[in-house]
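The values are calculated or read from the model by the stated rules, or taken from the named source; none is laboratory data. Only a predicted model underlies this, so the values are computations on that prediction, with no experimental measurement involved. Cβ placement follows ideal geometry from the backbone for every residue including glycine, while neighbour counts extend to all protein chains displayed. Just the protein is used for accessible areas: all its heavy atoms, side chains included, with ligands, DNA and RNA removed. Shrake-Rupley method; radii C 1.70, N 1.55, O 1.52, S 1.80 Å.
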Amino acid sequence: MSTAAAPTGQRMRKTLSCTAAANAYQKQFGLDLKRRVVDEGEPFAIVQADTPHEIFHAMDIPIITNQWWSAYISAKQLSGRYFQVMADQGYPENSCKYCSLGLACTLANDPATAPWGGLPKPTVLVARLTCDCIQHVFGQWASAMDTEFFPMEAPAWEHKDGQWFAHSNRDWEEIYQPDRIALMVREMRDLIALLENRTGRTFDEAKFQHLMEQINVQEGHIWKANQALARARPCPVSIGEQMSNTMIPQWHRGSEWAVAHAKRFRDEVMDLIAQGHGAASDERIRLMWIGAGVWHDPGFYQALEEKLGAVFVWSMYMPFAGPQYIRELKDKPFEALASRVCSMNETLHLPPWMNGWMASEAERCGLDAAVVLLPPDNRLSQSGTKLTALSLEQAGVPVLMIDADMVDAKNWDHDRMVGMVAEFLHQRGLA
Ligand code: SF4
């Protein structure tokens, strides 16, 4: 049993009152879920982030998003312990981490340390087959929890539009391809049939239609705030708080609370901009963070704000609300939803969609440099990073790649990583 180095993660400073409200809501959601599922035996599902959560919301079936659960475990500095359990059980040390930390927690079977005492048996696990590993992770997790895995296809995307984000709200049928959309609609109908059969709940088409309309309202609030934030000098809110206030409502998208919270977040951002408030007292460098959040060290992004006036202005979470989530429904809510989900991972990790968007975002937000998280064992997250770095450098945006994992803190040292970014900014003449 190797003794992992003491975690060095640091807490994030919070400027917005709505950040605490979002965290409190998610905490209460966790307690309610535990009561509903463990005490009252209600059905629930474990799902990947890039699956149609709207189906479960329309059926009032609570979901645990795997990436959120993984980040939650990591933030509690438990990843080292659980990955050691996987290694002890014969899994390769270089197994990918982000999607498998939940499985590792289940395999550890240690209610004393596991958040919520560990997850109870779900009705189903759902994932899109976006990489070679996921069917193994979810397949083995389903058998470890004695339940079933519902895989969804991730068909190849032949329509290569590097400017997808400029017109995806309207031209989604053309961009995401009618055949890919039709396949996902069929799979969603199969998923509904399975859920109705296993849970006795019925799918309410009218409720689903309303949900899709409310999601457009919610994402509209976030996108409006992001457009203002991108133009503002200085940047009022750095990415740590952008993530919480975007992603916690995202896990509950279309709900009354999520729509109201998105509006509150927008209003607070607008107020800070009107006051000329800056996340750093003297903003001099505007940074781009490419990759998932460093969930075991949320304070990392703020570390250079005072020392160098270096502010992380951009990460994928908040701006994604606009081009990826907003859809003109065209009386086809199922097809619109399929277009939202069927390329969620591809646009974030694969060229030409990833580098096309990120190079455009660097220009839209006036970014001076980018830092790319390169998780060594995570195949999908690596795929488009090198071409994206090339596109950014060609656009005059210097790029630093750091080998580190979003949930596994074993190779992460806060001071060393902060020092690496500072050195890079000095070397490139920005600090
Ligand atoms: S490679 Fe990445 S996306 Fe695939 S299962 Fe592993 S962590 Fe998840």
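Apply the Kirkwood formula to the chain: the hydrodynamic radius equals the inverse of the mean of 1/r over all pairs of different alpha-carbon atoms; give it in Å with one decimal.
Working: mean 1/r = 0.0453 Å⁻¹.
Evaluated on the chain, it is 22.1 Å.
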- Query: For Gln77 and Ser255 in one chain, what is 0.36 nm times their gap in residues minus the Cα-Cα distance, to one decimal in nm?
  - Reply: 61.0 nm
- How much accessible surface area, in Å² rounded to 10, belongs to the heavy atoms of Arg286 with a 1.4 Å probe? 10 Å²
- Message: Positive end of the dipole of segment 265-416, charges at C-beta (+1 Lys, Arg; -1 Asp, Glu), about the Cα centre: which of Leu272, Met406, Leu387 has its Cα farthest in that direction?
- Response: Leu387
- Message: Amide H of Cys96 versus every other amide H placed in the peptide plane: which residues, excluding those fewer than 5 positions away on the same chain, fall under 5 Å?
- Response: none
- Of the peptides 161-174, 215-228, how do they stack up when ordered by the mean number of other Cβ atoms within 10 Å, highest first? 215-228, 161-174
- Query: Taking all protein chains as present, what is the carbon and sulfur share of the accessible area of the chain, in % to the nearest whole number, probe 1.4 Å?
  - Reply: 51 percent
- Message: Under 18 Å between alpha carbons, and skipping anything fewer than 8 positions from Lys160 in its own chain: which aspartates and glutamates qualify?
- Response: Asp171, Glu173, Glu174, Asp179, Glu346
- Thr147, Thr51, ranked by accessible area, largest first (probe 1.4 Å): Thr147, Thr51
- Sketch the reach of a paramagnetic label on Lys207 as a point 7 Å from Cα along Cα-to-Cβ, and name the residues of segment 166-194 whose backbone nitrogen lies under 15 Å away. 192-193
- Message: How much length would be gained if the chain were fully extended between Ser281 and Gln227, taking 0.36 nm per residue of separation minus their Cα-Cα distance, in nm to one decimal?
- Response: 17.3 nm
- For Phe312, list long-range residues whose amide hydrogen, built 1.01 Å from N in the peptide plane, is under 5 Å from its own amide hydrogen. Ile239, Leu287
- Note on the structure: Summing -39500 (n - 2.57) over every DSSP H run of at least 4 in the chain, dividing by its residue total and rounding to the nearest 500, the 222 nm mean residue ellipticity is -15000 deg cm²/dmol
- Note on the structure: Which residues qualify? For Leu400, with a placed amide H closer than 5 Å and at least 5 residues away or on another chain, they are Ala370, Val371, Val372
- Task: Run the dipole for the chain about the Cα centre, Lys and Arg Cβ at +1, Asp and Glu Cβ at -1, nothing else charged, and hand back the magnitude in debye, nearest 20.
- Result: 700 debye
- Query: Can you give the charge dipole size of segment 43-154 about its Cα centre, rounded to the nearest 20 debye, using +1 on the beta carbon of Lys and Arg and -1 on the beta carbon of Asp and Glu?
  - Reply: 300 debye
